[in-house]
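Enquirer: My questions will all concern the structure given below.
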Amino acid sequence: MVTGKRNYILLSLFDFLYLFAWSSTMAFFVIWTTQHLGISATKTGWLYAINAFIALTMQPFFGYISDKFGTKKSLIFLIVALLLPIGPFFIYVYAPLLVNSFWIGAVLGGIYLGIIFNSGCGVIDSYIDKISRRYSFEYGRVRMWGSLGWAAAAYIVGRNINENPNLSFWLASIAIVMAAVCFMLTKIEVTLEEEKMTSSLKAAHVFELAKNKQFWMLIIFTLFVTQIYDTYDQQFAQYFSMQFSSVDVGNKWYGTLASVQVCFETLFLGLMPWFVNRVGAKWALVIAGTIMSVRILGSAVPLGPVWIAAVKMMHAIEKPLILISVFKFIAQNFDHKLSSTIYLLVLFAASIATTVYSPIVGYLYDTIGFANAYIILGIISGIFTLFSVFSLRNSKDKVINLSQERESLA
């Protein structure tokens, strides 16, 4: 089997299993904390904030180290090793601490989840993006299998969370064992040219980003569009379950809805690289921001569960758009040797925003209700999406030719 095809298949399986594990533990996190552990929406907001705050202290470091490692496997193996005990951690450590010693559990959980998910996802995504450019396949077509893994876990967990919430955590650990095997079987050649490029990377190169206007425009878009949206989405499952006669019924329907939504997300991930290359990364980001803003505002309209479910399905278009366009925007506007650093710095900004936004929005949910909070969030997101029309640069003519890049590294 050709090395590129082999790596595409194995990395697709790896991403499927990684996202399966992530979905198993975090897709129903708000339901697990509020309905099974009895934690309030405000405290759950604090959990998201603490997770994000601890992650933000790690992300710049992880980004720089990831670029220093290049396509070497060491950092990914470390993340996988830390992921292996995720099931026992949630069941025997995290849950008891959150119930009996909330703040200790919140900090310990924030450290662990910050490494394996909040920072780890950026390392894994940027690694797969590097390998995809190296072996001439699209990152989005690997990531679509990851979305399928998320959907599969959401469906299984949604059907069982009421009766057996711990099942999801055991499934996560099993998935990671299988992911480790898939990653071990990949064949990634580190060329002499790449060794020179990674060894030449200095911390000073990172600080030079502060002079780059487009870097700051991308950060502003992240802070006031994507993270407003992600904060809105954190407790959406709770809001959706409230549309039904009982939360148990709502939870089951949410599991089905989430799995269907991610199946469509998977389909669009396969199509979006073509679309983003056609319209350019800037306009893809603007379109994604518009969809986000419309979805947030649409959720505030009280038309019942069918309407809310329809609004949720917009995520199937928005998520692939933002994933593909961010990586392509970075590739078009910045030095490739800093690609992981820039992506993790974007996540760093996202973590800062989540740290600030989550408890505030959780408080709004408890005081003025979900719908009124959504109106506020939707207006903010819409304003900054309009700002991005004028602030982001359109570099469509600078799309990197994957085959040429591979030849330059060979």
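The values are calculated or read from the model by the stated rules, or taken from the named source; none is laboratory data. Here the structure is a predicted model, which means the values were calculated and not measured. Backbone-built Cβ (ideal geometry, glycine too); neighbour counts: all protein chains shown. Note: accessible area is taken over every heavy atom of the protein model, side chains too, but ligands, DNA and RNA are not part of it. Shrake-Rupley method; radii C 1.70, N 1.55, O 1.52, S 1.80 Å.
Enquirer: Ser246 to Trp307: FRET efficiency via 1/(1 + (r/R0)^6), r the Cβ-Cβ distance, R0 25 Å, to the nearest 0.05? It would help to have the intermediate numbers written out before the result.
Expert: Numbers: r = 19 Å, r/R0 = 0.77.
Approximately 0.80, to the nearest 0.05.
Enquirer: So which of Lys130/Lys319; Lys68/Lys213; Lys211/Lys282; Lys43/Lys328; Lys130/Lys213 end up more than 31 Å apart, counting from Cα to Cα?
Expert: On the way: Lys130/Lys319 20 Å; Lys68/Lys213 24 Å; Lys211/Lys282 20 Å; Lys43/Lys328 37 Å; Lys130/Lys213 24 Å.
As for pairs spanning more than 31 Å Cα to Cα, those are Lys43/Lys328.
Enquirer: Taking every eigenvalue of the Cα gyration tensor of the stretch 58-199, multiplying by 5 and rooting it, what semi-axes result, largest first, whole Å?
Expert: Numbers: eigenvalues 195, 73, 28 Å².
After scaling each eigenvalue by five and taking roots: 31, 19, 12 Å.
Enquirer: Could you work out [θ]222 nm for the chain from helices alone, using -39500 (n - 2.57) per DSSP H run of at least four and dividing by all its residues? Round to the nearest 500 deg cm²/dmol. Please list the in-between numbers first.
Expert: Numbers: 20 runs with 310 residues, N = 410.
Theoretical 222 nm ellipticity from helices: -25000 deg cm²/dmol.
Enquirer: Could you compute how fast the chain diffuses translationally, taking Rh as the Kirkwood radius over C-alpha pairs and applying Stokes-Einstein at 20 °C with viscosity 1.002 mPa s? Give it in µm² per second.
Expert: Numbers: Rh = 21.4 Å.
It comes out at roughly 100 µm²/s.
Enquirer: A further question follows. Residues of the stretch 1-20 with backbone nitrogen within less than 13 Å of a virtual label 7 Å along the Cα-to-Cβ line of Glu189, please, listed as ranges.
Expert: In the stretch 1-20, the label zone of Glu189 (backbone N under 13 Å from the point 7 Å along Cα→Cβ) covers 2-5.
Enquirer: Sticking with this structure for a sec: How many angstrom lie between the Cα centre of the stretch 40-89 and the Cα centre of the stretch 242-295?
Expert: 24 Å
Enquirer: Volume per residue, Å³, of the convex hull around the alpha-carbon atoms of the stretch 317-401?
Expert: Working: hull volume 9.7 nm³, N = 85.
Cα convex hull per residue, to the nearest whole number: 114 Å³.
Enquirer: Would you be so kind as to identify all helices of the chain, as entire DSSP H runs, whose Cα atoms reach 15 Å or more along the helix's own axis and whose mean Kyte-Doolittle hydropathy is at least 0.0?
Expert: On the way: long enough: 3-26 (33 Å, 0.52); 41-69 (40 Å, 0.49); 102-113 (16 Å, 1.83); 120-134 (21 Å, -0.23); 139-160 (32 Å, 0.09); 167-184 (26 Å, 2.31); 247-279 (44 Å, 0.64); 281-299 (27 Å, 1.28); 315-333 (26 Å, 0.79); 339-367 (41 Å, 1.13); 370-391 (31 Å, 1.84).
Span-like helices here: 3-26, 41-69, 102-113, 139-160, 167-184, 247-279, 281-299, 315-333, 339-367, 370-391.
Enquirer: Here's a follow-up. Report the charge-dipole magnitude of the chain in Debye, nearest 20, computed about the Cα centre from +1 at each Lys and Arg Cβ and -1 at each Asp and Glu Cβ. Mind showing how you got there, number by number?
Expert: On the way: 29 positive and 21 negative charges, 144 e Å.
Computed charge dipole of the chain: roughly 680 debye.
Enquirer: Just the projected area, averaged over all directions, of the convex hull on the alpha carbon atoms of the stretch 259-387: how many nm²? Display every interim value, and only then the final one.
Expert: Working: hull surface 35.3 nm².
The Cα convex hull of the stretch 259-387, projected and averaged over all directions, gives 8.8 nm².
Enquirer: Sort Glu265, Glu163, Glu208 from largest to smallest accessible area, using a 1.4 Å probe on the heavy atoms of the protein chains. Mind showing how you got there, number by number?
Expert: Values: Glu265 10, Glu163 125, Glu208 105 Å².
Result of the area sort, largest leading: Glu163, Glu208, Glu265.
Enquirer: Over the chain, what percent of the accessible surface lies on carbon and sulfur atoms, probe 1.4 Å?
Expert: 69 percent
Enquirer: Rolling a 1.4 angstrom probe over the protein heavy atoms, how many square angstrom per residue are accessible across the stretch 285-363?
Expert: Details: 2320 Å² over 79 residues.
Ligands and nucleic acids excluded, the result is 29 Å² per residue.
Enquirer: Given a Förster radius of 35 Å and the C-beta distance between Arg6 and Trp170 as r, what FRET efficiency does 1/(1 + (r/R0)^6) yield to the nearest 0.05? List each step's numbers first, then the result.
Expert: Numbers: r = 30 Å, r/R0 = 0.86.
Here the calculated transfer efficiency is 0.70.
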